[in-house]
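Novice: Dropping the structure in here first, questions after.
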Amino acid sequence: MSAPRPPSRALLAAVALTALAAGGVLGWLVQGQRQGPPPQPVRVGAALLLPERTPLPAFRLASGERTVDQTALRGRWTLLFFGYTHCPDVCPTTLTVVAEALGRLPPAVRAHVGTWFVSVDPARDDPARAASYAAFFGQGIVGLSGARADIDRLARAVGAYYELGERDAGGGYVVNHSASLFLVDPAGRFAGIISPPFDAASLAATLERLVQQEEASP
Amino acid sequence: MSTRIAHAALGLAALALAAAAAAGPAPRLAVEGAHVRAAPPGAPVLAGYMTLRNPGPRPIAVTGASSPDFERVEIHRTVVRGGVARMEPVPRLEIAPGDAARLEPGGMHLMLIGPRRKLRPGDRVRLTLHLGDGTEQPVELPVRRMGGGAMHRHGGHAPEAHGG
């Protein structure tokens with residue numbers, strides 16, 4: 001078990017996302033579209049969808065024995081949550097609400113929604129541990145881990161942030177991490193976020209709308 | 001009529017409370033809804049939740065907790081700032097007379113570190129709350145598998161703490 005690193009400040013893309021949420025101004029500046037109004041994020045239920053969806057970079061992660069890459073996200077909507085199995089409150093709470101939301105979906109909609117729990121603490125969470133942890137909360141919640149470089153690439157692509165805390169007397173440490181759910185669309189692109197606090201009913205309604213919209217406009 | 005009876009009953013209750021306060025030096029918290037959330041097998045850290053009411057005339061502080069079922073117990077608060085969930089230790093939880101502190105998912109919680117035995121739904125965890133005046137209060141927490149519903153939205157004692 002390697003020592004926790006100092007805060008991973010490389011993942012401050014969360015700031016960019018906040019700017020996007022505040023009005024798409026940053027995306028507008030970056031793209032140099034200075035004529036006309038900047039593209040605005042669109043609210044669909046509890047989700048905030050980006051005006052421009054971005055393809056995900058290449059990565060390899062594993063869930064138990066199964067290795068996956070970015071193409072595994074194609075074909076349905078995916079909720080991405082970044083956490084760790086030593087997480088006492090936020091991760092179990094979020095996964096419990098997500099599982100209940102998934103349970104509320106009609107089967108036809110449910111088939112178009114996946115959930116990935118990606119560990120940001122690979123030193124303590126191997127792919128087997130991440131997988132069994134996530135599966136406890138609900139069938140179909142896929143827990144993944146892998147090399148930190150791969151985790152960081154995915155996290156950075158969606159603006160997820162985490163930092164490892166100081167070691168305590170017992171050798172443990174907490175991980176501060178993004179509390180949001182990140183949305184990947186069926187084309188495998190980062191599409192938006194859902195911010196806490198989460199509610200199973202509104203989460204389910206949001207997922208249903210997203211799936212229906214995608215079917216209406218392929 | 002019935003109002004008068006109610007008043008009399010209230011008066012008696014107040015007297016009884018005052019007597020209890022005067023007689024028993026140890027402050028007592030009313031504990032409601034105490035439970036440990038069932039966690040995946042092998043989970044190294046669990047969370048305990050409960051509502052602590054102070055029915056007495058004096059403030060009561062919870063300064064810590066311990067359990068024979070865990071190596072260590074700490075009180076923490078989940079705070080979400082800028083979309084990032086952080087855990088902040090709560091070294092002293094002060095509960096004013098007539099007030100209540102809610103320990104609930106996404107907010108304050110007992111962080112139960114290092115389970116010493118396998119805990120399954122239906123098992124009971126014995127826990128001791130350490131109070132500010134040096135006394136202790138035992139609490140028993142059944143292990144429960146929780147449904148989702150909503151994360152807490154308003155921290156009763158911690159308006160800055162939002163569900164994380």
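The values are calculated or read from the model by the stated rules, or taken from the named source; none is laboratory data. No experiment lies behind these values; they were computed from the predicted model shown. A quick note on method: Cβ atoms are made from the backbone with ideal geometry, for glycine too, and the neighbour counts reach across all protein chains shown. Side chains are part of the model used for accessible areas, which takes the heavy atoms of the whole protein and leaves out ligands, DNA and RNA. Shrake-Rupley method; radii C 1.70, N 1.55, O 1.52, S 1.80 Å.
Novice: Quick one: which of B:Arg120, B:Arg126, B:Arg102 is open to solvent by 40 Å² or more (accessible area, probe 1.4 Å) and either in contact with a helix residue (DSSP H, G or I) (Cβ under 9 Å, 6 or more places away or on another chain) or not in a strand (DSSP E or B) (or both)?
Specialist: Values: B:Arg126 fails: either in contact with a helix residue (DSSP H, G or I) (Cβ under 9 Å, 6 or more places away or on another chain) or not in a strand (DSSP E or B) (or both); B:Arg102 fails: either in contact with a helix residue (DSSP H, G or I) (Cβ under 9 Å, 6 or more places away or on another chain) or not in a strand (DSSP E or B) (or both).
So the residue among B:Arg120, B:Arg126, B:Arg102 that is open to solvent by 40 Å² or more (accessible area, probe 1.4 Å) and either in contact with a helix residue (DSSP H, G or I) (Cβ under 9 Å, 6 or more places away or on another chain) or not in a strand (DSSP E or B) (or both) is B:Arg120.
Novice: Sort out which residues of segment B:38-91 are in a strand (DSSP E or B), under 24 Å from B:Arg145 (Cα atoms) and of a type in the set (Gly, Ala, Ser), and write them in order of number.
Specialist: B:Ala47, B:Gly48, B:Ala65, B:Ser66, B:Ala85
Novice: For A:Leu80, indicate whether it is within 14 Å of chain B (Cβ to nearest Cβ), open to solvent by 30 Å² or more (accessible area, probe 1.4 Å) and touching a strand residue (DSSP E or B) at 6+ places or on another chain (Cβ under 6 Å). It would help to see each step written out before you state the result.
Specialist: Details: within 14 Å of chain B (Cβ to nearest Cβ): yes; open to solvent by 30 Å² or more (accessible area, probe 1.4 Å): no; touching a strand residue (DSSP E or B) at 6+ places or on another chain (Cβ under 6 Å): yes.
In short, no.
Novice: A:Gly138 is checked against (1) surrounded by 22 or more Cβ atoms within 10 Å (Cβ to Cβ); (2) at the interface with chain B (Cβ under 10 Å from one of its Cβ atoms) and fails just one. What number does that condition carry?
Specialist: Condition (1) is where A:Gly138 drops out.
Novice: So which residues in segment A:88-109 are within 8 Å of chain B (Cβ to nearest Cβ) and hydrophobic (A, V, I, L, M, F, W, C), if there are any at all?
Specialist: A:Val90, A:Val97, A:Val98, A:Ala99, A:Ala101
Novice: Run down B:Glu136, B:Glu71 and say which single residue is out of contact with any helix residue (DSSP H, G or I) (no Cβ under 9 Å at 6 or more places or on another chain), within 13 Å of chain A (Cβ to nearest Cβ), surrounded by fewer than 18 Cβ atoms within 10 Å (Cβ to Cβ) and modelled with pLDDT of 95 or more. Talk me through it step by step, then tell me what you get.
Specialist: Working: B:Glu136 fails: within 13 Å of chain A (Cβ to nearest Cβ).
Exactly one of B:Glu136, B:Glu71 is out of contact with any helix residue (DSSP H, G or I) (no Cβ under 9 Å at 6 or more places or on another chain), within 13 Å of chain A (Cβ to nearest Cβ), surrounded by fewer than 18 Cβ atoms within 10 Å (Cβ to Cβ) and modelled with pLDDT of 95 or more, namely B:Glu71.
Novice: Restricting to segment A:40-54, name every residue that is part of a strand (DSSP E or B) and either aromatic (Phe, Trp, Tyr) or in contact with a Phe, Trp or Tyr (Cβ under 8 Å, 6 or more places away or on another chain) (or both). Explain how you work it out, then say what you get.
Specialist: Taking segment A:40-54 and keeping what is part of a strand (DSSP E or B), we get A:42-44, A:47-54.
Passing the criteria: A:Leu50, A:Arg53, A:Thr54.
Novice: Considering only segment B:105-117, how many residues are outside any strand (DSSP E or B) and more than 10 Å from every other protein chain (Cβ to nearest Cβ)? Full working, then the answer.
Specialist: Initial filter on segment B:105-117 (outside any strand (DSSP E or B)): B:105-107, B:116-117.
After this cut, where a residue has to be more than 10 Å from every other protein chain (Cβ to nearest Cβ) as well, the list is B:116-117.
Selection size over segment B:105-117: 2.
Novice: Check A:Asp89, A:Asp150 and return the single one that is in contact (Cβ under 8 Å) with a residue 60 or more places away in the chain and among the charged types (D, E, K, R). Walk me through it before giving the result.
Specialist: Numbers: A:Asp89 fails: in contact (Cβ under 8 Å) with a residue 60 or more places away in the chain.
Within the list A:Asp89, A:Asp150, the selection yields A:Asp150.
Novice: Moving on. Just checking, which of A:Gly171, A:Gly159 is farther than 16 Å from A:Pro122 by Cβ and open to solvent by less than 10 Å² (accessible area, probe 1.4 Å)? Break it down stepwise before answering.
Specialist: Numbers: A:Gly171 fails: open to solvent by less than 10 Å² (accessible area, probe 1.4 Å).
After applying the criteria, what remains is A:Gly159.
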